[in-house]
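Readers should treat all values here as calculations from the given coordinates under stated rules, not as data from a laboratory. Here the structure is a predicted model, which means the values were calculated and not measured. All Cβ positions, even for glycine, are placed from backbone atoms using ideal geometry, and neighbour counts span all protein chains on display.
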Amino acid sequence: MRRRPIVHLGAVLTLAGLALIGGSTSAMAADARLDTATIERLTGVKGELNEKEGAFKVSVPRSDLDVTAAGVKMTPPLGLTSWAAFQKAGDHAMVMGDMVLLEDQVNPVMSAALDNGLEVTALHNHFLWDTPRVMFMHIGGMGSEEALAEAVGKVFAKIKETSGAKVETAHAEIDPAKSSLDPAKIEAVMHQKGDFKDGVYKVVVGRTARMHGGVMGSTMGVNTWAAFAGSDDQAVVDGDFAMLETELQPVLKALRGSGINIVAIHQHMTGETPRMMFLHYWGTGSAEVLARGLRTALDRTRSR
């Protein structure tokens, strides 16, 4: 059977809203049944159907983790359970979920989600003082049940594959006080001028949003920035991307495609127009290659 591809989640609210106008959630569930057997087969996980909401949820407790938070032994019921929930939305199905990941698992699992057509909508922590550190990656998608379930299954498989194994992570011994990188080479790739101070070369690209009747710009924190240190051959870059919601997925794909790790995805403000999303990133390698990856991501936005 030929499956329809996963489509952009941005249409979900519109379709779901139209469906809700025509009837209650329970009516939707009665009119459009999910193929729960297919979802279980493709995700490899048994699920539970909420008849009233018409939603089917598959869950994977991270019982393989030995995590403490502030001295408390954390168990799956305390929040260490990965899950994905499926629901009909017009002619399509939609999925939303939350993946429980150790730090080393974040970027391999994120790539598995993006490469299989899912969207990554948030990345953050749920606890403080946890050992080892646990991150939570929220996913979404819209399309055929088969395509969504298959994609979620591959995400679960990547979590299992990387569980208990040290994922290869790029580390570099870099002291900004000994930086020798050439800012001109970075400028030539990024087409942005920056400032070189205390061994760190920093580029800032401003954006604007409206809040409380005024315009908020770069100085108020609505900006994308990148900070480089090290040498031309061995550098580190970290920073923050300011993006519209519609730009988030293209930027994520560009950065991951360039081998740059995503550290967090969230908002910095509330009530702004348009809504701005922010992601923090970290990369090591050749300064020119890192700059090229950032330039590719910038080209996926309307930043100037």
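Could you list, in their original order, any pairs among Lys193/Lys253; Lys88/Lys160; Lys57/Lys88; Lys46/Lys154 whose Cα atoms are separated by more than 18 Å?
Check vs 18 Å cut-off fails for Lys193/Lys253; Lys88/Lys160.
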Hits among aspartates and glutamates - C-alpha to C-alpha of Lys178 under 17 Å, sequence gap 8 or more where chains match: Asp195, Asp198, Asp232, Asp233
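Most exposed first by the Cβ proxy, i.e. fewest other Cβ within 10 Å, how do His268, His138 rank?
Values: His268 12, His138 15.
Arranged by neighbour count, lowest to highest, His268, His138 become His268, His138.
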Quick one: Debye curve from the alpha-carbon atoms of the chain only, equal weights, vacuum; give me log10 I(q)/I(0) at q = 0.09 Å⁻¹ to two decimals. -0.52
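To the nearest 0.05, how large is the calculated FRET efficiency for Leu128 and Thr38 if R₀ is 35 Å and r is the Cβ-Cβ distance?
Details: r = 40 Å, r/R0 = 1.13.
The pair Leu128/Thr38 has a calculated efficiency of 0.30.
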The chain - charge dipole about Cα centre, Lys and Arg +1 at Cβ, Asp and Glu -1, debye rounded to 20: 540
Amide N proximity, the range 260-304 versus Lys193 label position 7 Å along Cα-to-Cβ, cut-off under 18 Å: 304
Each label point is 7 Å from the Cα along the Cα-to-Cβ direction; what then is the distance between the points at Asp299 and Thr75, in nm? 5.3
Roughly what would the spin-label model give for Ser63 and Leu244, points 7 Å off Cα along C-beta, in nm? 4.7
